[in-house]
1. Just one of B:Gly97, B:Gly16 is among the small types (Gly, Ala, Ser) and at pLDDT below 95; which is it?
2. Of the conditions (1) of a type outside the set (Gly, Ala, Ser); (2) more than 28 Å from A:Tyr31 (Cβ to Cβ); (3) in contact (Cβ under 8 Å) with a residue 24 or more places away in the chain, B:Arg63 clears all except one; give me its number.
3. Within region A:71-111, which residues are touching a Phe, Trp or Tyr at 6+ places or on another chain (Cβ under 6 Å), part of a loop (DSSP other than H, G, I, E, B) and away from every other protein chain (no Cβ under 12 Å)?
4. What residue, of B:Leu72, B:Leu81, B:Leu88, B:Leu113, is away from chain A (no Cβ under 11 Å), in contact with a Gly (Cβ under 7 Å, 6 or more places away or on another chain) and either open to solvent by less than 80 Å² (accessible area, probe 1.4 Å) or not in a strand (DSSP E or B) (or both)?
5. Identify, please: which residue in region A:19-42 is open to solvent by 50 Å² or more (accessible area, probe 1.4 Å) and of a type outside the set (A, V, I, L, M) and is, among those, farthest from the other protein chains (Cβ to nearest Cβ)?
6. Hey, could you check region B:41-69 for residues that are within 14 Å of chain A (Cβ to nearest Cβ) and aromatic (Phe, Trp, Tyr) and say which is farthest from B:Thr110 (Cα to Cα)?
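The values are calculated or read from the model by the stated rules, or taken from the named source; none is laboratory data. If you're wondering where the values come from, they're calculated on a predicted model, not measured in any experiment. Neighbour counts are summed over all protein chains in view; Cβ atoms, including those assigned to glycine, are modelled from backbone coordinates with ideal geometry. What goes into the accessible areas is simple: the full protein's heavy atoms, side chains included, and nothing from ligands, DNA or RNA. Shrake-Rupley method; radii C 1.70, N 1.55, O 1.52, S 1.80 Å.
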Amino acid sequence: ILNVEQSPQSLHVQEGDSTNFTCSFPSSNFYALHWYRWETAKSPEALFVMTLNGDEKKKGRISATLNTKEGYSYLYIKGSQPEDSATYLCAFPSTGNQFYFGTGTSLTVIP
Amino acid sequence: DSGVTQTPKHLITATGQRVTLRCSPRSGDLSVYWYQQSLDQGLQFLIQYYNGEERAKGNILERFSAQQFPDLHSELNLSSLELGDSALYFCASSVGGQDGGETQYFGPGTRLLVL
């Protein structure tokens with residue numbers, strides 16, 4: 001069983017603030033790292049797939065960086081909006097294609 | 001709407017029973033993944049099928065089995081159900097799936113309650 005950790009567990013920010021959170025994963029045998037956004041009562045929605053050859057990924061106000069040597073990825077949200085409130089999950093596929101999910105960072109953006 | 005469909009949405013059954021959850025992937029996707037989310041745990045990977053063949057296996061109990069049919073839809077069979085099997089079961093699909101670098105699209109989930 002691989003250890004995928006996310007921090008912080010939860011975060012409350014004011015509308016307009018920028019924020020970031022972390023996903024830590026085993027630095028050996030890296031192939032990819034997935035980021036998902038999961039709103040309450042919905043299903044996880046893919047944000048990014050970070051791969052070895054990839055640069056920073058960006059989707060609107062959300063971006064992600066990757067450091068495979070030290071085993072972490074950051075997700076940044078610029079100018080947070082209430083609609084960004086969700087749980088952000090990362091997932092790490094092992095060499096056997098088994099996916100290990102972190103427990104998520106719950107983001108609440110206060111209007 | 002991701003294009004992945006799951007039926008039923010909700011299922012209530014008794015301990016010891018058997019149920020079948022169904023998943024239809026997005027058109028053109030060859031891989032189907034099954035996940036379980038229990039109350040006290042995060043998302044747990046159960047199993048992946050790629051073009052009809054089992055591709056990867058996670059923490060799937062022996063009482064659980066899955067298959068992917070020639071039309072690429074998949075079924076997850078849960079038998080001898082226990083209270084602890086109550087959970088939200090998601091299926092996801094991806095275009096390929098021979099490696100772990102493909103975007104997965106999640107269905108709406110099936111909520112199973114075992115009484």
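1. When all the criteria are applied, what remains is B:Gly97.
2. (3)
3. Within region A:71-111, just A:Gly71 meets the criteria.
4. Only one candidate passes the filter, namely B:Leu81.
5. A:Asn20
6. Result: B:Tyr50.
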